[in-house]
Amino acid sequence: MVVYNELVAITAGAGLLGFAWFLVHLIRGRHIDSEGWAGFFGVTGLILLVLGLHTTVTWPFGGKGFEYANIAFGQPAAGFGALLLFAAVYLWRHRALFDADADADTAVETALRALKPVSVFVGALGLAMGVLAISFVRFQLGAAPPEEPISGRFGHLPLLEALFLGGLWGIVALGALLFAVAQLTDGAALLLWAARAWFVGGTVFLLFGAMNFYTHIGMYYNIAHGTSYLW
């Protein structure tokens, strides 16, 4: 079974945190280094798009009940990765708009106007993430196998990890839906709440992905060597 959801999770976390930070800077009229942000969104977007598409069209996650991970991880990663790449291209092409000498109000207004059509797709992905969150809990998906350190200690309680994953997907979905509503109704105050939701979701995704580097290596080590490391 090929598993690289560690990289997907940690990159998604970084991307969400970065976009939340960027959105706060944009709304509050702070100076934005468009070239630096373009590079950041380009790197994170490319990783998510490539791995997300590969997971979506080839289904690398194996059998034994883990097929759902191709849908839950791959498809949202591909969608959000494409959006981050759009942000990278936009910021690179409009570097002059964010120059230190440029008018901050004009930059904010122009950038938010450019993001408005994209918000329809952001909202669609938010809806999909919300349904995935419900699916995690409804079908109690995500329980770690007993060979996996840390997470595997709670594998006999599938609802516990289902609630964690459902809550994580749900907070990202909430941010996406708030972003779409805010953009389509010109409700600027809601954009800050979207940024807050993505900040929380991004932080948890980042920590979750980092932990999985350890737990998945431990799982493969336990399987290969017949050991039973629990932590």
Original post:
Of the heavy-atom accessible surface of the range 134-231 (probe 1.4 angstrom), what whole percent is carbon and sulfur?
Top reply: 75
Original post:
Which percent of the accessible area of the range 1-68 is formed by carbon and sulfur heavy atoms (probe 1.4 angstrom)?
Top reply: 70
**OP:** Take each complete run of DSSP H in the chain, measure how far its Cα atoms stretch along the helix's own axis, and keep only those covering 30 Å or more with mean Kyte-Doolittle hydropathy at least 0.0; list them.
**Re:** 5-27, 34-58, 104-138, 158-185, 188-225
Original post:
What are the semi-axes of the equivalent ellipsoid for the chain, taken as the square roots of 5 times the Cα gyration tensor eigenvalues, largest first, in whole Å?
Top reply: 35, 18, 15
Original post:
What order do W37, W231 take when sorted by accessible area (1.4 Å probe), most exposed first?
Top reply: W231, W37
Original post:
Using Cα pairs under 8 angstrom and six or more residues apart, how large is the relative contact order of the chain, in percent?
Top reply: 26
Subject >> Ratio of the Cα radius of gyration of the range 79-158 to 2.2 N^0.38 Å, where N counts its residues >> reply: 1.77
Original post:
Just from the alpha-carbon atoms, what are the Rg and Dmax of the range 63-106 in angstroms?
Top reply: 18.2, 58
Subject >> When the range 29-107 is reduced to its Cα atoms, the Kirkwood hydrodynamic radius in Å >> reply: 14.0
Original post:
How large is the Kirkwood hydrodynamic radius of the range 150-231, in angstrom, based on all distinct alpha carbon pairs?
Top reply: 14.8
Original post:
What accessible area per residue comes out for the range 1-132, rounded to a whole number of Å², with a 1.4 Å probe?
Top reply: 47
Original post:
Who wins for biggest fluctuation among G170, G155, G74 in a Gaussian network model of the chain, springs between alpha carbons below 10 Å?
Top reply: G155
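The values are calculated or read from the model by the stated rules, or taken from the named source; none is laboratory data. A quick note: this is a predicted structure, and the numbers were derived from the prediction, not measured. Surface accessibility is based on the protein's heavy atoms, side chains included, excluding ligands, DNA and RNA. Shrake-Rupley method; radii C 1.70, N 1.55, O 1.52, S 1.80 Å.
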